[in-house]
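Here's the structure we're looking at; comments come further down.
The values are calculated or read from the model by the stated rules, or taken from the named source; none is laboratory data. These numbers were taken from a predicted model, which means no experiment stands behind them. Every residue, glycine as well, gets a Cβ built from its backbone with ideal geometry; the counts of neighbours run over all protein chains shown.
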């Protein structure tokens with residue numbers, strides 16, 4: 001009987017932790033969503049530059065792809 | 001239930017959805033439409049992956065299975081978590097590192113040539129359309145059951161709402177609205193479990209324990225080991241890197257974000273399955289034992305919640321459907337443009353964007369028409385799962401790891417995998433005991449090895 005009480009308690013704790021983790025994940029994603037939609041609307045290029053500054057490091061894709069070479073050529 | 005209050009809650013939800021979709025802004029070029037300029041951060045990548053895989057099967061379906069077989073399905077479902085973690089560790093970063101790559105077909109094209117890319121594109125497009133039809137059907141069922149609308153009207157509403165923001169906003173709109181949907185159902189559905197277990201279940205956690213033991217024992221007795229193995233394989237491979245997930249892997253900011261997004265989504269899936277199966281087990285002490293599996297969650301919510309709460313939960317169920325549907329429509333449109341049209345003809349960026357938008361509408365229309373004839377949501381999903389893994393995965397995964405893949409190997413593997421899966425899915429119904437995914441995967445691997453042995457290396461490789 002004591003063993004069953006321990007198991008019931010453990011299950012109870014696990015279920016509550018799982019439910020709280022799901023809710024916490026929802027809050028994390030909601031925060032990211034609010035940040036994404038609150039960002040002022042600018043032209044797409046300035047938008048991605050802002051993100052790069054916020055990210056604080058160089059992006060691996062900064063070099064132009066072959067498909068975008070004609071666009072890169074204009075700015076070079 | 002008060003229909004007026006339900007209608008107000010649903011309209012408030014739709015207004016919020018439209019606001020969020022408008023803030024996501026219109027895609028300006030095909031790069032924006034297909035990979036959102038590769039600027040998506042970790043939280044949004046994770047939210048979108050989780051919102052896409054948590055469809056009707058992983059919510060309503062899991063609650064129903066928990067109700068019938070206890071925590072047995074949680075064990076089978078853990079294979080799904082393993083799959084996501086393995087994809088995060090081994091495949092997603094490699095995919096993200098490929099240059100000039102918008103789709104899985106692009107990756108396959110880079111490894112095996114343009115003809116393999118077109119074959120991969122046709123398979124991916126068929127799968128996205130099939131999955132979309134199942135999702136539209138599921139959303140239609142929720143609307144019809146709640147408001148008493150005719151099925152054709154419910155199906156049309158679901159298709160039109162989702163298509164409107166996906167066609168204009170592309171991947172960014174899909175990801176942003178996925179985050180909105182995810183936040184909504186992740187906050188609401190666990191509350192059902194907590195309310196049910198602590199306030200409505202007579203005997204509380206102690207009864208929960210007894211119900212869990214009884215249901216899981218019944219599940220173990222009524223499921224053969226081969227069926228369990230088949231389930232585990234389906235969870236492990238059936239949805240691996242389907243086009244919406246592949247697009248997210250390619251659209252993340254860095255390969256590290258891509259890797260972490262899949263790993264966190266894998267860990268989250270276990271927690272989610274635990275909450276859903278526990279909700280099903282709890283429902284055993286609350287709803288009548290003869291309630292059909294697919295109605296357990298709705299019946300539980302109807303019993304527990306006041307009218308406003310019921311409407312809110314209804315909105316959460318619609319969110320679950322829409323978040324999967326928008327990703328599938330967007331992925332199908334990108335695949336059509338990038339893998340089927342682009343290899344055949346040269347397109348300007350503006351034309352590609354226009355084709356992508358029109359393809360979104362066309363796929364939604366075909367899926368909506370097909371949805372009316374779909375008999376069972378789960379059967380529809382299982383057919384799609386059974387085809388995808390053998391058709392694409394051997395060629396894709398081996399191609400990413402082998403130094404000089406042979407085009408013949410990729411084409412043979414995709415062709416043989418697809419045909420074998422279709423044979424086991426439609427022509428050989430007597431083979432239900434052995435899930436078709438296992439022999440089809442074996443055939444695809446064997447075909448790959450034969451093609452690798454006898455094929456020539458791609459020119460220029």
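Details
Each row is one residue, and each column tells you yes or no for (1) closer than 20 Å to residue B:330 by Cα; (2) within 11 Å of chain A (Cβ to nearest Cβ); (3) free of Cβ contacts under 8 Å to residues at least 60 places away in the same chain; (4) under 23 Å from the mean Cα position of the chain (by Cα).
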{"position": "B:12", "(1), (2), (3), (4)": "no, no, yes, no"}
{"position": "B:44", "(1), (2), (3), (4)": "yes, yes, no, yes"}
{"position": "B:62", "(1), (2), (3), (4)": "no, no, no, yes"}
{"position": "B:66", "(1), (2), (3), (4)": "no, no, no, yes"}
{"position": "B:78", "(1), (2), (3), (4)": "no, no, no, yes"}
{"position": "B:88", "(1), (2), (3), (4)": "no, no, no, yes"}
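- Of the listed requirements (1) within 21 Å of the chain's Cα centre (by Cα); (2) modelled with pLDDT under 85; (3) in a helix (DSSP H, G or I), residue B:431 misses just one: (1).
- Any chance residue B:103 is surrounded by 20 or more Cβ atoms within 10 Å (Cβ to Cβ) and modelled with pLDDT under 90: yes
- When B:164, B:124 are screened for being under 30 Å from residue A:31 (Cα atoms) and assigned to a helix (DSSP H, G or I), only B:164 passes.
- Restricting attention to the range B:204-214, the residues being surrounded by fewer than 17 Cβ atoms within 10 Å (Cβ to Cβ) and more than 10 Å from chain A (Cβ to nearest Cβ) number 1.
- Checked against (1) more than 30 Å from residue B:311 (Cα to Cα); (2) over 18 Å from the mean Cα position of the chain (by Cα); (3) more than 10 Å from every other protein chain (Cβ to nearest Cβ), residue B:255 passes all but condition (3).
- Tally of residues being surrounded by 24 or more Cβ atoms within 10 Å (Cβ to Cβ) and in a helix (DSSP H, G or I) across the range B:65-75: 5
- Considering only residues in the range B:215-252 that are within 14 Å of chain A (Cβ to nearest Cβ) and assigned to a helix (DSSP H, G or I), the one that is surrounded by the most Cβ atoms within 10 Å (Cβ to Cβ) turns out to be B:248.
- Single unsatisfied condition, residue B:191 versus (1) touching a helix residue (DSSP H, G or I) at 6+ places or on another chain (Cβ under 7 Å); (2) facing chain A (nearest Cβ under 9 Å): (1)
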